[in-house]
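Novice: This is the structure I have questions about; it appears just below.
The values are calculated or read from the model by the stated rules, or taken from the named source; none is laboratory data. Only a predicted model underlies this, so the values are computations on that prediction, with no experimental measurement involved. Cβ placement follows ideal geometry from the backbone for every residue including glycine, while neighbour counts extend to all protein chains displayed. SASA here: full protein model, heavy atoms, side chains in, ligands and nucleic acids out. Shrake-Rupley method; radii C 1.70, N 1.55, O 1.52, S 1.80 Å.
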Amino acid sequence: MHGGEFLISMPKLRGSFFGDSLIYLWAHDENGAQGLVVNHPFDLTLGELMNQLQLPTSADLAGKVVSGGPVDPQQGFILHTDDVSVEGSQPAAGAGGVGLNITYSRELLELIATERGPNRFLLALGYAGWGAGQLEDELADGAWLTAPSSHDILFETPFEQRLDRVAAQLGIDWRLFASEGGVA
């Protein structure tokens, strides 16, 4: 498994931060993995966040901000198309990641606020991180399923439909999985 894929949380993670999560994995190598939860929006619009950051906006920024993960929850992470990059923008891995960057700079927020930002983007507060071998152990333990990622799911699909859509692409209804194994 490499970056650029989705992780679908399995029922054993319900009740944890990652319960019912869809994560876009932007980096995964021998040193660990990093990703963003892409289906848990805050009750906060992008415009409201820009106001809190005292960034004047010329755009109608009604889109929601997502809770990207438990690591650095005060830091903003922008997953975006690579049509606009700033210093510090890094390529996100994989087909899902073709043409995607991850950026965590105020400069890109300023461009978005003035309608000079990337065509498609998702703003997350915080990220999900795993140390070396940790994600592999969780995958082997059945905590996650992997699936190909897509720009449409990341940027166009309503938050509440993202997990179902990705699971359906794998031919499963993830909600039918029992939380615990066993025989009835």
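Novice: Quick check on this structure: which one of A93, A124 is in contact (Cβ under 8 Å) with a residue 24 or more places away in the chain, surrounded by 13 or more Cβ atoms within 10 Å (Cβ to Cβ) and in a loop (DSSP other than H, G, I, E, B)?
Specialist: A93 is the lone residue from the list that is in contact (Cβ under 8 Å) with a residue 24 or more places away in the chain, surrounded by 13 or more Cβ atoms within 10 Å (Cβ to Cβ) and in a loop (DSSP other than H, G, I, E, B).
Novice: Still on this structure: Tell me which residues, restricted to the stretch 127-155, are part of a loop (DSSP other than H, G, I, E, B) and within 13 Å of the chain's Cα centre (by Cα). So that I can check it myself, show each step before the final result.
Specialist: Step one: of the stretch 127-155, the residues part of a loop (DSSP other than H, G, I, E, B) are 132-133, 141-143, 149-150.
Hits for the stretch 127-155 are S149, S150.
Novice: Could you check how many residues of the stretch 1-40 are over 12 Å from E138 (Cβ atoms), within 16 Å of the chain's Cα centre (by Cα) and of a type in the set (S, T, N, Q)?
Specialist: Qualifying residue count, the stretch 1-40: 3.
Novice: Select, from V71, V66, V84, the only residue that is surrounded by 17 or more Cβ atoms within 10 Å (Cβ to Cβ) and under 17 Å from the mean Cα position of the chain (by Cα). Before the answer, list the steps.
Specialist: Values: V71 fails: surrounded by 17 or more Cβ atoms within 10 Å (Cβ to Cβ); V84 fails: under 17 Å from the mean Cα position of the chain (by Cα).
Matching residue, one of V71, V66, V84: V66.
Novice: In addition: If I ask for residues that are open to solvent by less than 10 Å² (accessible area, probe 1.4 Å), over 20 Å from L111 (Cβ atoms) and either among the hydrophobic types (A, V, I, L, M, F, W, C) or at pLDDT below 90 (or both), which ones from the stretch 28-55 would you list?
Specialist: Scanning the stretch 28-55 gives A33, V37, V38.
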